């Protein structure tokens, strides 16, 4: 009953009618979210796995006031300190988390994308510690290549697409 999408426009086309007829379906925004797409995401998605900056947090806070349900949100952490990836710096996480709570966001967990050519154990172990420090219950980590390792470190949400559906065209 849980499905992930990483492209807002595709999700709107695929899921708007289906979700209106099937209230049990939970839709997860797992891709990068731009502030100009928040108004389309909030009425459709139940989860956002990619909160990665304060501007986006403020926009979600502003938009969610228009709806009855607040999305469950994961803070994306740049666990490998990679310049090409988005996410909150580990050293700024506590401050960012507190700002999100003050904005009224429903933060339920953390999310990471470990470096591709690196041992995921190091990063998943660190994510588990970080998540516990914040007293959060959920972690969104593990994709088709490393989901088994992610489960070993207590990941509660896995983002498996290509293993199920094949490579994207």
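In this structure, residue 53 does not qualify as more than 16 Å from residue 159 (Cα to Cα) and out of contact with any strand residue (DSSP E or B) (no Cβ under 8 Å at 6 or more places or on another chain). Among the residues of segment 105-125, those identified as surrounded by fewer than 20 Cβ atoms within 10 Å (Cβ to Cβ) and within 13 Å of residue 149 (Cα to Cα) are 118, 119, 121, 122, 125. Restricting segment 81-104 to residues that are surrounded by 15 or more Cβ atoms within 10 Å (Cβ to Cβ) and touching a helix residue (DSSP H, G or I) at 6+ places or on another chain (Cβ under 6 Å), the residue that is nearest to residue 31 (Cα to Cα) is 88. Taking the residues in segment 7-28 that are under 19 Å from residue 86 (Cα atoms) and free of Cβ contacts under 8 Å to residues at least 40 places away in the same chain as candidates, determine which candidate is surrounded by the most Cβ atoms within 10 Å (Cβ to Cβ). Top of the filtered list is 8. When you look at residue 78, is it surrounded by fewer than 18 Cβ atoms within 10 Å (Cβ to Cβ) and either in contact (Cβ under 8 Å) with a residue 40 or more places away in the chain or within 22 Å of residue 136 (Cα to Cα) (or both), yes or no? It is false that residue 78 is surrounded by fewer than 18 Cβ atoms within 10 Å (Cβ to Cβ) and either in contact (Cβ under 8 Å) with a residue 40 or more places away in the chain or within 22 Å of residue 136 (Cα to Cα) (or both).
Checked across segment 116-132, the condition of being touching a strand residue (DSSP E or B) at 6+ places or on another chain (Cβ under 8 Å) and either in a loop (DSSP other than H, G, I, E, B) or closer than 22 Å to residue 43 by Cβ (or both) holds for no residue.
Within segment 135-160, restricting attention to residues that are in a loop (DSSP other than H, G, I, E, B) and either on the phi > 0 side of the Ramachandran plot or out of contact with any strand residue (DSSP E or B) (no Cβ under 7 Å at 6 or more places or on another chain) (or both), the residue that is modelled with the lowest pLDDT is 144.
The values are calculated or read from the model by the stated rules, or taken from the named source; none is laboratory data. Everything numeric here is computed off the predicted structure, so don't read it as measured data. Reconstructed Cβ throughout: ideal geometry from the backbone, glycine too, with neighbour counts over all protein chains shown.
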